[in-house]
Amino acid sequence: MATLTVPATVPSPAEDCEQLRKAFEGWGTNEALIISILAHRNASQRLLIRETYARIYGQMLLKSLNDEISGDFERAVILWTLDPAERDAMLANEALRNWKPQNPVLIEIACARTSNELFAVRQAYHALFKRSLEEDLAAHTTGTFRKLLVPLVSSYRYEGPEVNMKLAKSEAKILHEKISDKAYDHEDLIRILTTRSKAQLIATLNQFNNEFGSAFNKNLKSDPKDEFLASLRAAVRCFCCPERYFAKVARVAIEGLGTDENALTRVITTRAEVDLQLIKEAYMKRTSVPLDRAVAGDTSGDYERMLIALLVCAPDVVSGRKEMPSIFFSLQRNASQLYINFLRLVNGS
Amino acid sequence: MADETLSLKKAFSGHGGFGVDETTMAAMVTKWRKQPDQKSRFRSDFSGFFTKIGSIEKCEDDYLLRLKTEFSRFKNIMVLWLMHPWERDARWMHHVMHKSYPFTVIVEIACTRTSEELLGAKRAYQALFNHSVEEDVAYHIKESYSKLLVGLVSSFRYEGPQVDNDMAKWEAKALGNVIKSAGSGKLIQNEEVIRILTTRSKRHLKATFKHYKELHGKPIEEDLGANLCLQETVKCIDKPAKYFSEAINIAFKEGADKPSKLSLTRVIISRADVDMEEIKETYHKQFGVKLEDMITKNTHGHYKDTLLTLIGK
């Protein structure tokens, strides 16, 4: 269930572009106007707006945004405005250039998208980076992570509901065998996780639970510091219960001192058109606090307004609280670097 | 136009069970050569035998079963020729799972089709068999080369002109080192070999193979040992015309087994609209005989006529 709200009568792309241009003109920027338009248009509408804007004003909308706004707000707006496949391709490339095993972005893209969405990401990656996603991933990762991530990201899973129960039983046994031997990167385990359809996998994991008395993920917690096990658990959660997975990402981003703005932005911009409503429900269930209240309490200014606009299916809820300083001082540099890379790709410079 | 379609439909349906009108069929191959739109229109019009699953076109299963019982090489080639290329490739790959075709067919399809064609074949495979081709290959093929096969079939290679020449040189060196240090049996499972062969773009790989030859004084195929899978992979990526002309030649050899003979039909049908001219030239250069002549000498009847038309005599 998406949270994106689009007005009943949508202005034409040309009208939207005119308003956006007005928002950029003169001293300062009308951020509220930007949010009121972009945060309430779906992917195809945003694409039309970008095309129309480029045609009328001879400049890319994203460049204008980069010139006018900054910081976490800019990052959220730019990521949101991008087409979902391009967005994922950009996030994947960003994650690869600075690859750390604990970065879950690639797992999310590979496991929490449909087969066709993942394929669209691979196509967008070709167009943006002139290489395939798999080749960059394979070249930037090593060892067990490469063994898991490359097939995950290259998979084109069958999407039908058919399930072979006999196979589910036998593969549940195989999974159990391998993790009992602590052979977490065994090729059969990888094969099952990276090639089977989601329906088949879920059936297999249910069988695992039935046969062996505990959920698959519970058996992957032998070493809390092991990054590979964490990746396996993340992959399984993205298949089986993406709302709870993303609710946890949001919770961890908000909890404690300071905020992990990048993670929060990622959850909200990548799921607003997918299942953010379900994520909100999962968040509420776990923390007894509505997600929009938690976000409002932890973020401020235009960044907060943008996130709330995407999060809430109602008129904007702006916090009246004091601005809380963010310990992870996200600077202009954060968003601009993302955008500068995008510019470079598109202009081929 | 409507008359032709009608007579072709009749030809396929048979004369009330007394066989099939092969002459009409053969004539259509000539008429519709290099016209995939004609064939597409025929398929959508011929609802008894061709149908659609979503956006994937396929033959009705009953019809295919019936054909098998009245098997003849000619009918086989006609049906294959009319089929959508994606369905063809999907069915050929499926045959490998059930061991009726050699695994090299998967290498052939994964490496000689464009990225979009391979995607189409994978979609058709899912529509036909309710599994992804990757999961079937990973599950049914448990040989030393299965990791390479899964990688090849999962690939979605970049198809643009950009090549990082420095990286190509570096990878040529890296391959050289791996080949030197790994035992020839282990080469097929080496991570770097698999990574390079299954993820890099074809242009990049061609550049890499060229650098390899300059560095080591001989083409990489010579250093790959008796590793059939690796050899075929390199050949399909680097010199597909040579690969196809050799596959055809095996079919003509004395004592060729059934799968090898079937490769004659497969190669000619799948390449007729793509690079048949180049394959003919390569064949002539390699074996000193014109392909037309070999076909005329070794095949008969309408099957022969169809093959000759498809290669563009």
Specify whether the C-alpha gyration tensor of segment B:240-313 places it in the rounded, prolate or oblate class, a ≥ b ≥ c being the square roots of the eigenvalues: rounded for a/c under 1.5, otherwise prolate if a/b is larger than b/c and oblate if not. rounded
Phi to ³J(HN,Hα) by Karplus 6.51 cos²θ - 1.76 cosθ + 1.60 over segment A:57-73, Hz, x for Gly, Pro: 9, x, 9, 6, 4, 5, 5, 4, 4, 4, 5, 9, 10, 8, x, 5, 4
Measuring from label point to label point, each 7 Å out along Cα→Cβ, what is the B:D45 to B:D273 span in nm? 1.6 nm
HN-Hα J in Hz across segment A:151-159 - Karplus 6.51, -1.76, 1.60, θ = phi - 60°, x for Gly and Pro: x, 4, 7, 8, 6, 10, 6, 5, 10
By residue number, which cysteines of chain B lack any other Cys whose Cβ falls under 4.7 Å from their Cβ? B:C59, B:C229
Peptides B:159-168, A:148-157: what's the order by average Cβ count within 10 Å, highest mean first? A:148-157, B:159-168
Phi to ³J(HN,Hα) by Karplus 6.51 cos²θ - 1.76 cosθ + 1.60 over segment A:208-222, Hz, x for Gly, Pro: 4, 4, 4, 5, 10, x, 8, 5, 3, 4, 4, 7, 9, 10, 4
Counting only other chains, and only Cβ atoms inside 10 Å, what mean value do you get across the residues of B:142-149? 1
Ordering of A:130-139, B:271-280, A:216-225 by packing [mean C-beta count within 10 Å, highest first]: A:130-139, B:271-280, A:216-225
What number, in percent, do you get for the relative contact order of segment B:78-136 if the mean sequence gap of Cα pairs under 8 Å and at least 6 apart is divided by its residue count? 38 percent
In terms of Cα to Cα distance under 16 Å, which aspartates and glutamates are near enough to A:K218, apart from those fewer than 8 places away along the same chain? A:E177, A:D181, A:D226, A:E227
When ranked by the protection proxy of mean other Cβ atoms within 10 Å per residue, highest first, what sequence do the peptides A:297-303, A:206-212 form? A:297-303, A:206-212
With +1 on each Lys and Arg Cβ and -1 on each Asp and Glu Cβ, and nothing else charged, work out how big the dipole of segment B:165-238 is about its Cα centre, in Debye to the nearest 20. 180 debye
Quick one: if the Förster radius is 45 Å, what FRET efficiency do B:K213 and A:K182 give, using the C-beta to C-beta distance and rounding to 0.05? 0.50
Name the shape class, rounded, prolate or oblate, that the alpha-carbon gyration tensor gives for segment B:177-223, where a ≥ b ≥ c are the square roots of its eigenvalues, rounded holds for a/c under 1.5, and otherwise prolate holds if a/b is larger than b/c and oblate otherwise. oblate
For A:L307, A:L4, what's the fewest-to-most ordering of other Cβ within 10 Å of each Cβ? A:L4, A:L307
Over chain A, what is the mean sequence separation of C-alpha contacts under 8 Å (at least six apart), divided by residue count, expressed as relative contact order in percent? 24 percent
Give the residue from B:G160, B:L118, B:W170 lying farthest towards the positive end of the charge dipole for segment B:103-209; charges sit on Cβ (+1 for Lys and Arg, -1 for Asp and Glu) and the dipole is referred to the Cα centre. B:W170
Calculated P(r) tail over 20 Å for segment A:24-161, as whole % of Cα pairs: 53 percent
Other chains' Cβ within 10 Å of A:129-141 residues: what's the mean? 6
A student applying the Cα gyration tensor rule (rounded when a/c is under 1.5; otherwise prolate if a/b is larger than b/c, oblate if not) would label chain B prolate
If amide H atoms are built 1.01 Å from N in the plane of the peptide, which residues on other chains or at least 5 residues away come under 5 Å of the amide H of B:F50? B:E60
Contact order relative to length of chain B, as percent, for alpha carbon pairs under 8 angstrom and 6 or more apart: 16 percent
Per residue of B:127-135, other chain Cβ atoms within 10 Å number on average 6
I want to check the label-to-label distance for A:K285 and A:M60. Put each point 7 Å from Cα in the C-beta direction and report it in nm to one decimal. 4.1 nm
When chain A is treated as a GNM, springs tying every alpha-carbon pair under 10 Å, which of A:I49, A:I254, A:I179 comes out with the largest mean-square fluctuation? A:I179
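Values quoted throughout were computed directly from the atomic coordinates according to the rules given, and no laboratory measurement underlies them. Predicted model, so just to flag it, every value in this text is computed and none were measured. Ideal geometry is used to build each Cβ from the backbone, glycine not excepted, and the neighbour counts take in all protein chains shown.
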